[in-house]
Amino acid sequence: MPTIMPVSSLRSYTEVLDGVAPGAPVFLTKNGQGKYAILDMDDYNKLAAENRLFSELEAGRTSGDKDGWITSENVRKHFAKRAQHVQ
């Protein structure tokens with residue numbers, strides 16, 4: 001069950017922050033509407049990393065649509081060559 005509090009609860013911010021835990025953000029409302037979320041830093045970093053990943057995946061899909069796709073065989077050959085250079 002999410003923790004939802006009015007933004008006025010920030011007057012006693014230590015109580016609000018005590019409610020924040022990994023996987024359990026605190027949501028603040030203003031005039032009865034959701035307005036803010038307070039996240040654990042690990043959760044924030046995970047969301048930021050997921051956002052970067054999805055952006056890169058979208059850029060790859062867009063590039064494939066625009067410039068053409070590489071066959072799986074060519075991908076295997078590319079990484080096989082790179083693996084030989086590393087050894």
Leaving out same-chain residues fewer than 8 places away, which lysines sit with a Cα under 30 Å from that of K81?
-> K66
Anyone know which of T71, T29, T62 comes out most mobile in the 10 Å Cα GNM of the chain?
-> T71
Return the carbon/sulfur percentage of the accessible area of the chain, one whole number, probe 1.4 Å, all protein chains in place.
-> 56
Can you give me the pair-distance distribution of the chain, C-alpha pairs, 5 Å bins, whole percents?
-> 3, 11, 13, 12, 11, 10, 8, 7, 7, 7, 7, 4, 0
Taking only Cα atoms and a 10 Å spring cutoff, compute GNM fluctuations for the chain and point out the largest among K30, K77, K46.
-> K77
For helix 72-86, report the angle its Cα long axis makes with the longest principal axis of the Cα atoms of the chain; keep it between 0 and 90° and round to the nearest 10°.
-> 90
Per the helix-only calculation at 222 nm, which mean residue ellipticity applies to the chain, given -39500 (n - 2.57) for every DSSP H run of n ≥ 4 and division by its residues, nearest 500 deg cm²/dmol?
-> -18500 deg cm²/dmol
Solvent-accessible area per residue for the stretch 34-73 (1.4 angstrom probe, square angstrom) | 86
What figure in square angstrom, to the nearest 10, would you give for the accessible area of Y13 with a 1.4 Å probe?
-> 130
With every protein chain in place, the accessible area of H85 for a 1.4 Å probe, in Å² rounded to the nearest 10, comes to 150
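The values are calculated or read from the model by the stated rules, or taken from the named source; none is laboratory data. Note that the structure is predicted; figures quoted are calculated from it, not measured. Please note that ligands, DNA and RNA were not included when accessible areas were found on the heavy atoms of the full protein model with its side chains. Shrake-Rupley method; radii C 1.70, N 1.55, O 1.52, S 1.80 Å.
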